[in-house]
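These notes concern the structure reproduced below.
The values are calculated or read from the model by the stated rules, or taken from the named source; none is laboratory data. This structure is a prediction, so every number in the text was calculated from the model and none was measured. When we count neighbours, we look across all protein chains shown, and the Cβ atoms used for this are built from the backbone with ideal geometry, even at glycine.
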Amino acid sequence: MHSDKICVIGAGPAGLATAYELTKKGYKVDVYEADSQVGGMSRSFNLWGQIVDLGPHRFFSTDKRINNLWLEIAGDEYQEVNRITRVFYQGKYFYYPLKVMNVLSNLGLFTSAMCMLSYAKERLAPTKPDGSFENWVVSRFGRRLFEIFFKTYSEKLWGISCKDLDSDFAAQRIKKLSLMEAVINAFKGGKGNTHKSLVDQFYYANGGTGQIYEKMAAYVAQNGGNIHLSKRIHGLSVDGTVVKGIIDENQQNIAYDHVISSMPITQLVQHLPSAPAAVQDAVSQLEFRNTVLVYLEVDGIDLFPDNWLYVHSPQLKTGRITNFRNWVPELYGNKQTTILVLEYWCNFDDAEWSMPDLDFENLAKKELIETGLHQGKEILNSHVFKIPRCYPIYKVGYKDHLEVMTEYLKTFQNFQAVGRYGSFKYNNQDHSLLMGILAAENIENGYAHNLWDINTDYDSYQEETQD
């Protein structure tokens, strides 16, 4: 057993992966989680006799180390799920990945032709990059497809114009995908496709996404570590540039040799009294977007085949609808009902964030009925779950503000920031798990990995770790 005392702030994928890997190496780890349950945004819970997640969460990676970790935890308690996700637009459903005949029949020959002409125009006279999401997508897909398949959904999610959304969002989530690649993939029927946005299968734990993190937490607790739930951390205990531990919610110092934090980076820096004015100003420029999930239990099954739908229809406020009946049978057991979840996004100062739950429930019921996805079946129950600070908002110029903070945090010894919250990166589970693996290796081997590169330069890390 190593003598170093390790603290992990946050029991989401990144934090628990770090704690799990360190526990395997013989370290004693204390994990502090503000919520009453582990898993972070990837938690699962029981609702109306069924298991649901906080929205849709799939696991896929081409990195052997990440896969090995996930499969080590899952054991034989997982399945490979066929992914069906479509775009709901103007009352019609568009398959993603693209299916040529589906697009032609839904858009019609005229609109389809205009989309191809718009794409051809971009090949002849490309839109000049200006750092915005809008120009990035237009240059690869053409303006007509941007307006149909990207604009409305993105502006619902982020609450800002696509002109004000940084192209980093596209570069990280869509990466090298172009219209031509998507069309070629459509004609090939998806065979041989390796683009992560187009994968047709993913892994899913029988007990929900959160089962993976519950098992990680159990392993840590059973091997000398501690999982402290409902324990909010105020900040770091710092002596000069050396992190000596944490300050708990009662303003008590608790000593540790290493601290790994997945708490929102903005809150962490705000609670560092020594942070220079330039750093505090940078913090004030970075924001997270909130999520409101409205769960509806529908008295019926076989409502629609998708795992989730992206709702691009501008007349609907919801941006995504998940059908938990279409994941694995273990989630619903013998129940003859379907749980759907409608997602809404807002900021702290938006009226929606303070809207009463009953109003949200009524809004979600109204919009579900408007889509017709409930097939006329009765809506039996509803439940609202509000999640603050889910998505780091990639406003144009955000990287400059983030760099000020990261350069400041790099000066501190014995400290690492991980996860979506902790690094202000729009991580998937695989990104966060990789951060956890590498954070543990840093403590074991002397901080050789620069975790700030994960996701922004993720392909290079995959190449390094596949063998």
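Between ARG289, ARG325, the distinction of being of a type in the set (Lys, Arg) and under 21 Å from ILE369 (Cβ atoms) belongs to ARG325 only.
Within the range 253-302, restricting attention to residues that are more than 30 Å from LEU340 (Cα to Cα), among the hydroxyl-bearing types (Ser, Thr, Tyr) and within 22 Å of the chain's Cα centre (by Cα), which residue is surrounded by the fewest Cβ atoms within 10 Å (Cβ to Cβ)? The extreme case among them is THR266. The residues listed here are ILE301, ILE339; of these, the one that is touching a strand residue (DSSP E or B) at 6+ places or on another chain (Cβ under 9 Å) and in a loop (DSSP other than H, G, I, E, B) is ILE301.
Within the range 153-182, the set of residues being within 19 Å of the chain's Cα centre (by Cα), at pLDDT 85 or above and either polar (S, T, N, Q) or not assigned by TED's automatic domain parsing to the domain that holds SER139 (or both) comprises SER154, SER167. Under the condition of being among the hydrophobic types (A, V, I, L, M, F, W, C) and more than 18 Å from VAL243 (Cα to Cα), the residues counted in the range 390-447 number 11. If the condition is being part of a strand (DSSP E or B), of a type outside the set (Ser, Thr, Tyr) and surrounded by 23 or more Cβ atoms within 10 Å (Cβ to Cβ), then the range 8-50 contributes VAL8, ILE9, VAL29, VAL31. Taking the criterion of being at pLDDT below 95, within 25 Å of ILE339 (Cβ to Cβ) and among the polar types (S, T, N, Q), the only residue of the range 45-82 that qualifies is ASN82. Cβ-Cβ contacts under 9 Å between residues 6 or more apart (or on different chains), taken from a first residue in the range 331-352 that is of a type in the set (Gly, Ala, Ser) to a second residue that is part of a strand (DSSP E or B), are listed as GLY333/GLN50; GLY333/ILE51.
Pairing residues of the range 240-255 that are farther than 17 Å from SER274 by Cβ with residues that are assigned to a loop (DSSP other than H, G, I, E, B) and not polar (S, T, N, Q), at Cβ distances under 9 Å and at least 6 apart in sequence or on separate chains, gives ASP248/LYS231; ASP248/ARG232; GLU249/ALA34; GLU249/LYS231; GLU249/ARG232.
Considering (1) farther than 28 Å from PHE385 by Cα; (2) not assigned by TED's automatic domain parsing to the domain that holds ILE247, the lone condition that LEU69 does not fulfil carries the number (2). Among the candidates ALA205, ALA221, the residue that is without any contact (Cβ under 8 Å) to a residue 12 or more places away in the chain and surrounded by 14 or more Cβ atoms within 10 Å (Cβ to Cβ) is uniquely ALA221.
The single condition among (1) surrounded by fewer than 20 Cβ atoms within 10 Å (Cβ to Cβ); (2) at pLDDT 90 or above; (3) within 25 Å of ASN414 (Cα to Cα) that MET1 does not satisfy is (2). Taking the range 387-429 as the range and being surrounded by fewer than 24 Cβ atoms within 10 Å (Cβ to Cβ) and part of a loop (DSSP other than H, G, I, E, B) as the test, the residues that pass are ILE393, VAL396, GLY397, LYS410, THR411, PHE412, ASN414, TYR426, ASN428.
Within the range 82-130, take every residue that is small (Gly, Ala, Ser) and out of contact with any helix residue (DSSP H, G or I) (no Cβ under 6 Å at 6 or more places or on another chain) and give me the one that is farthest from PRO329 (Cα to Cα). Ranking the candidates gives ALA125 first. When the residues of the range 264-291 are filtered to those that are assigned to a helix (DSSP H, G or I) and among the β-branched types (Val, Ile, Thr), the one that is nearest to LYS395 (Cα to Cα) is VAL283. Condition first: over 24 Å from GLY91 (Cα atoms), hydroxyl-bearing (Ser, Thr, Tyr) and part of a loop (DSSP other than H, G, I, E, B). Can you find one or more residues in the range 122-145 that meet it? Looking through the range 122-145, at least one residue is over 24 Å from GLY91 (Cα atoms), hydroxyl-bearing (Ser, Thr, Tyr) and part of a loop (DSSP other than H, G, I, E, B).
Hey, among ARG320, ARG289, ARG325, which residue is farther than 30 Å from GLU80 by Cα and in contact (Cβ under 8 Å) with a residue 12 or more places away in the chain?
Details: ARG320 fails: farther than 30 Å from GLU80 by Cα; ARG325 fails: farther than 30 Å from GLU80 by Cα.
Of the residues listed, the single one that is farther than 30 Å from GLU80 by Cα and in contact (Cβ under 8 Å) with a residue 12 or more places away in the chain is ARG289.
Given the residues TYR89, TYR96, which is the only one that is under 24 Å from LEU309 (Cα atoms), touching a Lys or Arg at 6+ places or on another chain (Cβ under 7 Å) and surrounded by 13 or more Cβ atoms within 10 Å (Cβ to Cβ)? Full working, then the answer.
Working: TYR89 fails: touching a Lys or Arg at 6+ places or on another chain (Cβ under 7 Å).
Being under 24 Å from LEU309 (Cα atoms), touching a Lys or Arg at 6+ places or on another chain (Cβ under 7 Å) and surrounded by 13 or more Cβ atoms within 10 Å (Cβ to Cβ) holds for just one of TYR89, TYR96, which is TYR96.
A single entry from LEU342, LEU358 fulfils the requirement of being under 17 Å from the mean Cα position of the chain (by Cα) and aliphatic (A, V, I, L, M): LEU342. Evaluated against (1) over 23 Å from PHE304 (Cβ atoms); (2) modelled with pLDDT under 90; (3) out of contact with any Asp or Glu (no Cβ under 8 Å at 6 or more places or on another chain), ARG140 falls short on exactly one condition, (3).
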